[in-house]
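Asker: I am attaching a structure below and will ask some questions about it afterwards.
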Amino acid sequence: MYVKNNKGMMTVEACVIIPLIIFISLILIWIGILMYNKSAINCALVNALDAGARCAEDDNDTICRIVKEKAEFMLDEKLLLAEDPELTVTVDHGSITAELQASMQAPPVPLINDLVSNRYWDMGARKSINRIRASRTVRTMKRMNEFVSEAGKAAAEAGMGEEGE
């Protein structure tokens with residue numbers, strides 16, 4: 001009878017499979033951290049722009065300051081493994097735009113780090129919101145009411161003029 005000697009086979013398989021499982025688990029954790037950071041950045045930008053849109057009547061510098069303060073408050077100590085983000089806010093006549101540049105160091109992967117030139121993952125975001133001023137809306141409504149009342153007066157005068165003839 002011939003019996004195979006399989007005593008070391010399980011050890012060799014474990015030496016290959018266990019590091020592979022650990023490597024995949026660590027990569028998934030890093031990707032999870034990246035997704036968390038992107039979500040935190042998007043949430044901070046949306047809330048900051050909302051705060052800026054609520055004070056659309058203020059001057060541009062005040063709106064920029066409010067948006068920056070709100071975004072910094074929302075991101076304070078919340079980003080994991082990330083470099084300090086750089087926030088740029090621009091306020092135009094009809095819109096408020098915030099752009100946040102941030103990056104996170106990619107996981108150190110043996111043999112692959114030498115092949116990849118960029119060792120940082122981009123987490124930046126750019127959001128924009130309309131700057132709707134109440135005074136502009138009120139002026140438009142006032143002009144529409146004046147136009148309707150003038151058109152009504154003109155129609156009434158035109159109706160009276162025909163009756164008198």
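Asker: For a distance above 16 Å, tell me the whole-number percent of Cα pairs in the stretch 9-109 that qualify.
Answerer: Numbers: 3184 of 5050 pairs.
Of all Cα-Cα distances in the stretch 9-109, 63 percent exceed 16 Å.
Asker: Using R₀ = 25 Å, calculate the FRET efficiency as 1/(1 + (r/R₀)^6) where r is the Cβ-Cβ separation of Ile31 and Met9; round to 0.05.
Answerer: Values: r = 33 Å, r/R0 = 1.33.
The calculated FRET efficiency here is 0.15.
Asker: Next question. Based on Cα positions only, what radius of gyration and what Dmax would you give for the stretch 67-108, in angstroms?
Answerer: Values for the stretch 67-108 (Cα only, Rg and Dmax): 12.8, 46 Å.
Asker: Next up: To the nearest 10 degrees, how steeply does helix 134-164 sit against the main Cα axis of the chain, on a 0 to 90 scale?
Answerer: Computed tilt is about 30 degrees.
Asker: Here's a follow-up. Give me the net charge for the shell around Glu83: Cβ to Cβ below 13 angstrom, other residues only, Lys and Arg +1, Asp and Glu -1.
Answerer: Local charge sum for Glu83: -2.
Asker: Additional query: If you line up the long axis of helix 60-75 against the longest principal axis of the chain, both from Cα atoms, how many degrees apart are they, to the nearest 10?
Answerer: With rounding to tens, the tilt is 30 degrees.
Asker: Restricting to DSSP H runs of at least four residues, report the calculated mean residue ellipticity at 222 nm for the chain, -39500 (n - 2.57) per run over all residues, nearest 500 deg cm²/dmol.
Answerer: Numbers: 3 runs with 93 residues, N = 165.
Helix contribution divided over all residues of the chain: -20500 deg cm²/dmol.
No lab work stands behind these numbers, since they all come straight from the coordinates. Keep in mind it's a predicted model, so treat the numbers as computed, not measured. Note: ideal-geometry Cβ built from the backbone for every residue, glycine included; neighbour counts use all protein chains shown.
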